[in-house]
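The values are calculated or read from the model by the stated rules, or taken from the named source; none is laboratory data. Every value quoted in this text rests on a predicted model; they were computed, and no experiment measured them. Glycine also receives a Cβ, built like all others from the backbone with ideal geometry; neighbour counts cover every protein chain displayed.
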């Protein structure tokens, strides 16, 4: 019997599902109303036109009947992934093994037996009905009951590492570092693309524009991403060694996802890097319901990356309001105290010791008045200084924007390139002129020049230059070089 694959649906329903089902050819023939094996290879055979034409709904309904009758209610074992809990009480998830996966639905999940066993990464056995979701053509199973069947591989590794690090004390509250109230520089370890870095930058820019964010971009999932994350944390931990800005606080995070997507933050190398980090660190991995090993080791866990940024920096507007309130409160308390003292002084002036008191208190009263004026002036000046300081911080933040820094560096490199080209050109021209001069000098002072002017050079047969008649003797062979050749002779 021949087996073929029938694509039931490609795409997604409300839960993002799609599937492919394999059906035996003979079974399909019985349900559809004709036998594929009995059909003639001749397209003009009279058998072909007699086949019943079905609508998509009729085809899916017949396939659904085959599956529900032949498969019915079965026990299925696998690992839970992509668990989604709807507000209606219905749960949707994927059940998978090493070679395949199937979509599952559990209606009224909280009322069903064994619903506590359903967790991402958990290995479960489910009692379910196999069926077809006709509107989308998706193959799925309706779970009636679930039981724990042991942990999945990833979940087992997660629990084992969690126990190991907990026994070592890496989760102890005593190890946690306090976060700085007013950080000036914040290091960020996440992907340079996506919503996470944008959310963090938007929150910092809105709440505390004077804070300088420093990003080391890393991959947050996939093979080798855990090493990139751990390396980035260690780079921030040793700023002098790696020539990076010294940070007051670190944020390490990514967006939400399945257990597999978040797995890089469950690796031991990342946990060790966080534990060894001397800088206070906030872990912001996934959504509020996601917990990773990094969350337990970090000094603080934030439910989302945006929440991490909210926690990391103070609200500038709130700080300004608090300063204004403190200023008003200080002025009110000071004026109240001064008024109280003024009342006491007035009562003392009207007493029996009025003249003596007036004389004794004249100078203190003047000092009090002077201090009152000075206090009002100082409060106003301090407030103005803080406002100017905030303005300078805003200006500094704009000046330190990465795009402006990059533009200045680019202009500087262009100037250096032009200067280098000029220097090289001048140096080459200078060396060429020097070589030309040396060549001319060599030609002028060289022996060839003297020979051209009528001089000659005489050598003996051993090529020794004859400088005196004492250097020769009768019968000795001589060689005289002139401009156009050599003359051989013997001494008589």
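Some points to look at:
- All positions within region 245-256 that are in a loop (DSSP other than H, G, I, E, B) and surrounded by 17 or more Cβ atoms within 10 Å (Cβ to Cβ): 247, 248, 255
- Selection within region 165-194 - touching a helix residue (DSSP H, G or I) at 6+ places or on another chain (Cβ under 7 Å) and in a helix (DSSP H, G or I): 165
- Selection from region 442-462 of residues that are at pLDDT 80 or above and touching a strand residue (DSSP E or B) at 6+ places or on another chain (Cβ under 8 Å): 456, 457, 458, 459, 460, 461
- For region 280-325, filtered to residues that are in contact with a strand residue (DSSP E or B) (Cβ under 9 Å, 6 or more places away or on another chain) and closer than 30 Å to residue 385 by Cβ, the residue that is modelled with the highest pLDDT is 280.
- Apart from one condition, residue 213 fits all of (1) more than 10 Å from the chain's Cα centre (by Cα); (2) within 18 Å of residue 285 (Cβ to Cβ); (3) in contact (Cβ under 8 Å) with a residue 24 or more places away in the chain; the exception is (2).
- Which listed residue, of 369, 439, 373, is at pLDDT 80 or above, out of contact with any helix residue (DSSP H, G or I) (no Cβ under 8 Å at 6 or more places or on another chain) and not assigned by TED's automatic domain parsing to the domain that holds residue 328: 439
- The single residue among 383, 404, 400 that is surrounded by 10 or more Cβ atoms within 10 Å (Cβ to Cβ), touching a strand residue (DSSP E or B) at 6+ places or on another chain (Cβ under 7 Å) and within 26 Å of residue 210 (Cβ to Cβ) turns out to be 400.
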